[in-house]
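Just so it is clear, none of the values below were taken in a lab; they were calculated from the coordinates. Being a predicted model, the structure only gives us computed values, none of them experimental. Counting neighbours? That spans all protein chains shown, and the Cβs are built from the backbone with ideal geometry, glycine included.
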Amino acid sequence: MASISQFRGQYKDGFSRANRYAVYWEGFQIFAESVTLPSKTVTTFAYNLFGPLIQYPYRETFNDNIVLTIPEEPSGFPRIFSEDQSRKTTHKGYASPGNVKTTTNNLRIEQLSQSGTPTMTYYVYGAYPISIVPVNMGYAMNNEITKTQVMIKYYRYKVE
C-alpha cells in the first residue's frame, strides 16, 4: 500500500490549476474569465469479415467548440474584436472558407504553473468565431458586468 509521502513525491510540483491560463488570439492577449480547451476524437471504421468486430482508427476529428467568456470593456472590446474576426470568415453575408487560415495557429491557450510559466500550450489552427452569444442586460443587474461569450470552431490543434 502506497503512503501519502509517495503520492506527494510523484506530484512534487503540484497539480495543474484550472484558474491558471492565458489566451492569445491573433496576437492579442484575451483576459478570458473562462475558456474550454480544445478536444478531438479518433474516428474508427468497423470491419468484421470473419470473427469479431474490429475497430480501425482512420481519422482525427476536431468537433467541439472552444468557448471564451470575456468581461467586456467600456470600449466594447472584446465584442468588437469578435465581430471583426467573424467578418473575416464571411464576405457580404456569404461564407468565405478560403479566409480560414488552416495552416496558421491564430489562437493559443497556455496552461500556467503557480509561478506563471507555461506548462502546456495548445496551438489552435484555423480558429474562427461561429457564434457570439447574446448578452443579457437589465435595469436590475446593478452588480453584474457585461460579458461576451464567443464560440470558436477550429481546423485542428497541437499540444506542446
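For the range 1-87, applying the loop criterion from DSSP together with a ceiling of 15 other beta carbons within 10 Å to the GluC sites (Glu not before Pro) yields 26, 33, 72.
Return the Rg/Rh ratio of the chain with Cα-based radii and a Kirkwood Rh.
Values: Rg = 20.4 Å, Rh = 18.7 Å.
Rg divided by Rh gives 1.09.
Only Cα pairs within less than 10 Å get springs; with that Gaussian network setup on the chain, which residue of 49, 112, 68 has the largest fluctuation? Comparing 49, 112, 68 in a Gaussian network model of the chain, the most mobile one is 49. Taking R0 as 41 Å, what FRET efficiency do you get between residue 50 and residue 24 from their Cβ-Cβ distance, rounded to the nearest 0.05? Between residue 50 and residue 24 the formula returns 0.20. Measure out, as a whole number of angstrom, how far apart the alpha-carbon centroids of the range 93-160 and the range 33-67 sit. Value for the Cα centre distance between the two parts: 22 Å.
Residue exposure proxy: 92, 101, 153, ordered by other Cβ atoms within 10 angstrom of their Cβ from fewest to most, comes out as 92, 101, 153. A straight Cα-to-Cα reach below 17 Å connects residue 40 with the lysines 153, 158, residues fewer than 8 places away in its own chain not being considered.
Taking label points 7 Å from Cα along the Cα-to-Cβ direction, residue 133 and residue 91 give a separation of 3.2 nm.
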